[in-house]
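Engineer: I am attaching a structure below and will ask some questions about it afterwards.
The values are calculated or read from the model by the stated rules, or taken from the named source; none is laboratory data. Note that this is a predicted model, so its numbers are computed, not measured. A quick note on method: Cβ atoms are made from the backbone with ideal geometry, for glycine too, and the neighbour counts reach across all protein chains shown. The accessibility values were calculated without ligands, DNA or RNA, using every heavy atom of the protein model including side chains. Shrake-Rupley method; radii C 1.70, N 1.55, O 1.52, S 1.80 Å.
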Amino acid sequence: MINIVFNFQWGMKFAVSMTATLGILYGYRAIAVEIAQVSEFPKNETTASDLQPVAPEVAQQPKPTEEKEPDIELTVIEKLLNEPVFAPFRREGTVKDSTRPIYVITGEEMEAQGARTVREALKFLPGILPDGTVGTEPHALSGQFIRGSNTNQVLILLDGRPLNNLGSGGFDLSEFTTTNIERVEVLPGGGSILYGSDAIGGVINIITRRPPTENKITTEAKVNFGSYGHNQQSIQSGGRAGNIGWVVGYNRIQGKYNYPFSIPEANFRGVRKNNDALFNNFNVKLEADLDKRNTLTLSTLYLGKDQGTPGGVPILVPQFGQGSGNVLTDRNRKYTDQVLSDFTWNSKLGNGNDSLLTTKFYIDFTNTRFDSNSITIPPQFNRRFETKQTSYGVQATHSWQFDKNHSVVYGFDYRNVSVNSSAVRFATGAKVPNYDDNIGQGAIFARYETSFIPKVKLNFGVRQDFNSLASGGATSPSVGVKWDITNSTTLRANYIKNFRVPTIANLFNVNPTNIGNPNLRPERGDSYDIGIDQKLGDIGLLRLTFYQNNISDLIAFKSIRPAVNGVTGTWELCLIKF
């Protein structure tokens, strides 16, 4: 691949990372030992501004004694432990402050690894299986599996607020290109105490770039070329003038990705067809400092993608195996069109920096269209599937360090999601509804943290969720502890109770092949973990974690016979108890 980069700032950067993960999964319980993040060796940066001018020697003054400059000391472990994170606290904190293991990949590390999308970036973090489907292209569908949970049981956040699709569940992280990403945080284990529904397996928080703090303007443009028609162009500009800061950018990725491949099990050899993609992503963030204690931020992302969906080669042996139902689809297309916007007010209360009130309003429009063009006999099976979702919500959070050893985070959330899904037959124009409804979700929460015992940190939390569904509410308690036995050894343990509300498709889908069930109740989960963090001198961190993730009242399909539509099998959703 050829990279052409234009950058108006220069510097020297290097980074090394090493991770290892070991896990065991069985049934609907996950019990494992997680060996993670031996070291993440973040970058050490030096720029031209670090070079200090040397004053000319003044005549008739004694020449000062020459002093040898001290060597630059790299303390990797301190850099790692002081990495900023948001997800474990619902406020800014650091890795070392968390009683739970959390893993971070920064924008610079994504660039060094060549990750084009957030889906690809997750490959470099432990504790998560990021690829639920086959494909190495940037547009390959994303599936996130954490501690035995499926994609619908992992909550996706954008700058701390929820993104999951309440129509069909989950969120495709291949939609996010990495040029505008400051960091991605992965928090394994439940997260319902702070974020509510969908966080049974864990939380993934995407943090976007903020405007610079200095009064300057920086612009970076990049052009990449690669094989199979891959080409990428991006430009990002950020700056600050007085009390106003901004980040504006555009990223475009295009490629055919028609590579040759073979599957001996299916006696197949050929070229991947209908595998092209075109991304067009825009980002804007404006930040205004009203005064020294109040800041307003407006952020908008546009995510647009046009891609082919090539399908899969049928593998008939073994009969009814995982690949037996595959079909090659040389003309099917998928289109996504998404606008994600939020408006945030940060206010420091009182006279110090120990009390922060954050209020966020957000509204999202996420549209997906799938054109099924490959089936021509009979032609009436060719259809267009459309799903349109509109969601809006508000978050209010107060973080207060009211004493040296005591702090509390509390607030409320509200989110309303409306989804319409339908299918249109190309031959007749007839429109068949799948589901059309909405869900309202509200919650109050509080999390208290104390370290009144030397070298021991405790936290307790509870969240009460309310839902427009009669049985959609839930109470989620949590407790965590961290004990610094020595300066290099830390023990930690956590318990969180979690839940996931059924999606609108789970409840109200009228498609006879996948019938919804309006009587479904939320899935329930219990997440336990206990672990040890061991510093390896100044060069790394060894993290060992034993965890158990139980899920009860699992939402699953059961077969109905005889089939309702008379053509294919009919499946209805139900709850499975464990």
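Engineer: What tally of residues in segment 103-128 results from selecting those that are of a type outside the set (A, V, I, L, M), over 12 Å from E185 (Cα atoms) and not in a helix (DSSP H, G or I)?
Structural biologist: The number of residues fulfilling the criteria is 3.
Engineer: Name the residues in segment 242-254 that are in contact with a strand residue (DSSP E or B) (Cβ under 8 Å, 6 or more places away or on another chain) and either at pLDDT below 95 or closer than 30 Å to T297 by Cα (or both), would you? Spell out how you get there, then give the answer.
Structural biologist: Of the residues in segment 242-254, the ones in contact with a strand residue (DSSP E or B) (Cβ under 8 Å, 6 or more places away or on another chain) are 243-254.
Residues satisfying the conditions are N243, I244, G245, W246, V247, V248, G249, Y250, N251, R252, I253.
Engineer: Another question, if that's okay. In segment 234-253, how many are in a strand (DSSP E or B) and surrounded by fewer than 16 Cβ atoms within 10 Å (Cβ to Cβ)?
Structural biologist: Of the residues in that region, 3 qualify.
Engineer: Still on this structure, please answer the following. Please find, within segment 358-417, the residue that is surrounded by the fewest Cβ atoms within 10 Å (Cβ to Cβ) out of those that are among the small types (G, A, S) and more than 19 Å from the chain's Cα centre (by Cα).
Structural biologist: Once the filter is applied, the top-ranked residue is A396.
Engineer: In segment 541-578, which residue that is modelled with pLDDT under 65, of a type in the set (V, I, T) and in contact with a strand residue (DSSP E or B) (Cβ under 9 Å, 6 or more places away or on another chain) is nearest to R147 (Cα to Cα)?
Structural biologist: If we take residues in segment 541-578 being modelled with pLDDT under 65, of a type in the set (V, I, T) and in contact with a strand residue (DSSP E or B) (Cβ under 9 Å, 6 or more places away or on another chain), then T570 is nearest to R147 (Cα to Cα).
Engineer: Could I ask something else about it? Among the residues of segment 442-497, which ones are within 29 Å of L544 (Cβ to Cβ), of a type in the set (G, A, S) and open to solvent by less than 20 Å² (accessible area, probe 1.4 Å)?
Structural biologist: G461, S476, S478, G480 - these are the residues of segment 442-497 that are within 29 Å of L544 (Cβ to Cβ), of a type in the set (G, A, S) and open to solvent by less than 20 Å² (accessible area, probe 1.4 Å).
Engineer: Give the residues of segment 192-233 that are part of a strand (DSSP E or B) and touching a Leu at 6+ places or on another chain (Cβ under 8 Å), sorted by residue number. Steps first, please.
Structural biologist: Filtering segment 192-233 for residues part of a strand (DSSP E or B) gives 202-208, 217-225, 231-233.
Within segment 192-233, G202, V203, I204, N205, I206, T208 qualify.
Engineer: Oh, and also: In segment 272-291, which residue that is in contact (Cβ under 8 Å) with a residue 40 or more places away in the chain and not in a strand (DSSP E or B) is most open to solvent (accessible area, probe 1.4 Å)?
Structural biologist: K273
Engineer: Give me the residue from segment 501-515 that is open to solvent by 10 Å² or more (accessible area, probe 1.4 Å) and not polar (S, T, N, Q) and, out of that set, nearest to the chain's Cα centre (by Cα).
Structural biologist: In this case the residue turns out to be A505.
Engineer: What pairs come up if the first residue lies in segment 522-538 and is under 15 Å from K497 (Cα atoms), the second is open to solvent by 50 Å² or more (accessible area, probe 1.4 Å) and assigned to a strand (DSSP E or B), and their beta carbons are under 6 Å apart, counting only those six or more places apart or on different chains?
Structural biologist: Every condition considered, the pairs that remain are D526/K497; Y528/Y495.
Engineer: Could you check segment 256-271 and list, in sequence order, the residues that are open to solvent by less than 50 Å² (accessible area, probe 1.4 Å), under 16 Å from I315 (Cβ atoms) and in contact with a strand residue (DSSP E or B) (Cβ under 9 Å, 6 or more places away or on another chain)?
Structural biologist: F261, I263, G270
Engineer: I've got another one for you. Scan segment 497-540 residue by residue and report those that are small (G, A, S) and out of contact with any strand residue (DSSP E or B) (no Cβ under 8 Å at 6 or more places or on another chain).
Structural biologist: G537
Engineer: For segment 129-162, enumerate the residues that are modelled with pLDDT of 90 or more, open to solvent by 10 Å² or more (accessible area, probe 1.4 Å) and assigned to a loop (DSSP other than H, G, I, E, B).
Structural biologist: Matches in segment 129-162: D159 only.
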